[in-house]
Amino acid sequence: MFEEKPPRCGYVAIVGRPNVGKSTLLNQILGQKLCITAHKPQTTRHRILGIKSEIGIQTLYVDTPGIHGGGKRALNRVLNRSASSAVHDVDAIIFVVQALIWSDNDQLVLDKLKKSEAPVFVAVNKVDEVPEKELLFPFLQQLSEMHDFAQIIPISAKKGSNVEHLETAVNQMLPEQMPIYPEDQLTDRSERFLAAELVREQLTRMLDQELPYGLSVEIERFKYENNVNHIHAIIWVERSGQKGIVIGKGGRQLKEVGTRARKAMEKLFDNKVNLKLWVKIKQGWADDERALHSLGYGVE
Ligand SMILES: Nc1nc2c(ncn2[C@@H]2O[C@H](COP(=O)(O)OP(=O)(O)OP(=O)(O)O)[C@@H](O)[C@H]2O)c(=O)[nH]1
Ligand SMILES: [Mg+2]
């Protein structure tokens, strides 16, 4: 007789230094863009849960901010703390590294992982950028000597190669239990939160290296009316000079940010969006733990 397997459900943390492709990996696994990504470190600032439900199995992936050594500001501390604590009480850990690169920050992450009890899977990402695959073998060998990893799996989060293999491997570590979330739920975050993130994503992508760090986005209004989501967002900057940079000549840059963010929101919410943006100044928020809390950092 056909015997049904008991259902499995559990948590998998995705950790690594900034910019290795953690959020890209989670989006690829979910087949949907949930997390914001950019070609800059410290794009992710909040822990975010991505829920993947399949028949008999629900995997709860936790995307985290990149762990790194530098930076004296309170925001750095809060981000590191948030990411480091994510590895507790999970059933498996995906440690994302970049193919052929091992830096001090990778070592810092590994040192933290060594203390954790969950099995650690290394996802060696961006293999699509490796010109000759033979170059990969010595790197994989080196990794295997660093720690007793559960498995080392070369992947391309962007292209999707080998990602299913990684999923199958981590799923085997999940305990037998009923799903925790309804199977049509994608995340634990509100639409309000996701809307703020999509605005910040466009700002991070369009502005110079230094500025995105001093930016934060707050949703002031989120109202569904006449089949349209009306969303008002405030972009907090730290100095008046930054305000001008964000707005751009004749308001062009802010307009472009708004258009792109609106399109991304319409895709994610599957609904028409009317988005309005304001830029305001809140001095020194990235240095002030209280201000960080009021903007939703480190409270997860
Ligand atoms: N070529 C290539 N690029 C990738 C791959 N995965 C991610 N990227 C790129 O790497 C950059 C960083 O990706 P993210 O997913 O934002 O990285 P992250 O680790 O979440 O970064 P933080 O949130 O800042 O810690 C983006 O420009 C991605 O498009 C990959 O498999 N191949
Ligand atoms: Mg990220």
(request) For residues that are surrounded by fewer than 22 Cβ atoms within 10 Å (Cβ to Cβ), assigned to a strand (DSSP E or B) and of a type outside the set (Gly, Ala, Ser), scanning just the range 12-58, find the one that is nearest to ligand 1 (Cβ to nearest atom). (result) LEU49
(request) Of the numbered conditions (1) more than 25 Å from GLN58 (Cβ to Cβ); (2) more than 16 Å from ligand 2 (Cβ to nearest atom), SER190 fails exactly one; give the number of that condition. (result) (1)
(request) Please specify each residue of the range 221-247 satisfying the condition of being assigned to a strand (DSSP E or B), within 26 Å of the chain's Cα centre (by Cα) and touching a residue at least 24 places away in the same chain (Cβ under 8 Å). (result) PHE222, ASN229, HIS230, ILE231, HIS232, ALA233, ILE234, ILE235, TRP236, VAL237
(message) Tell me the residue from ARG221, ARG239 that is farther than 25 Å from GLY66 by Cα and either at pLDDT 90 or above or in contact with a Phe, Trp or Tyr (Cβ under 9 Å, 6 or more places away or on another chain) (or both), please.
(response) ARG221
(request) Starting from the range 48-68, take each residue that is of a type in the set (Phe, Trp, Tyr) and list its partners that are within 12 Å of ligand 2 (Cβ to nearest atom), counting only C-beta distances under 7 angstrom and pairs at least six apart or across chains. (result) TYR61/ILE14; TYR61/LEU26; TYR61/GLY50
(message) Let me confirm something: among LEU198, LEU166, which residue is assigned by TED's automatic domain parsing to the domain that holds LYS282 and either part of a helix (DSSP H, G or I) or modelled with pLDDT of 95 or more (or both)?
(response) LEU198
(request) Can you work out which of the residues in the range 165-192 that are within 16 Å of ligand 1 (Cβ to nearest atom) and within 20 Å of ALA118 (Cα to Cα) is most open to solvent (accessible area, probe 1.4 Å)? (result) HIS165
(request) Identify all residues within the range 145-162 that are in contact with a Leu (Cβ under 8 Å, 6 or more places away or on another chain) and within 16 Å of ligand 2 (Cβ to nearest atom); write none if there are none. (result) ILE155, ALA157
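The values are calculated or read from the model by the stated rules, or taken from the named source; none is laboratory data. A quick note: this is a predicted structure, and the numbers were derived from the prediction, not measured. Cβ coordinates were reconstructed from backbone atoms using ideal geometry, including for glycine residues, and neighbour counts include every protein chain displayed. Side chains included, ligands, DNA and RNA excluded: accessible areas come from the protein's heavy atoms. Shrake-Rupley method; radii C 1.70, N 1.55, O 1.52, S 1.80 Å.
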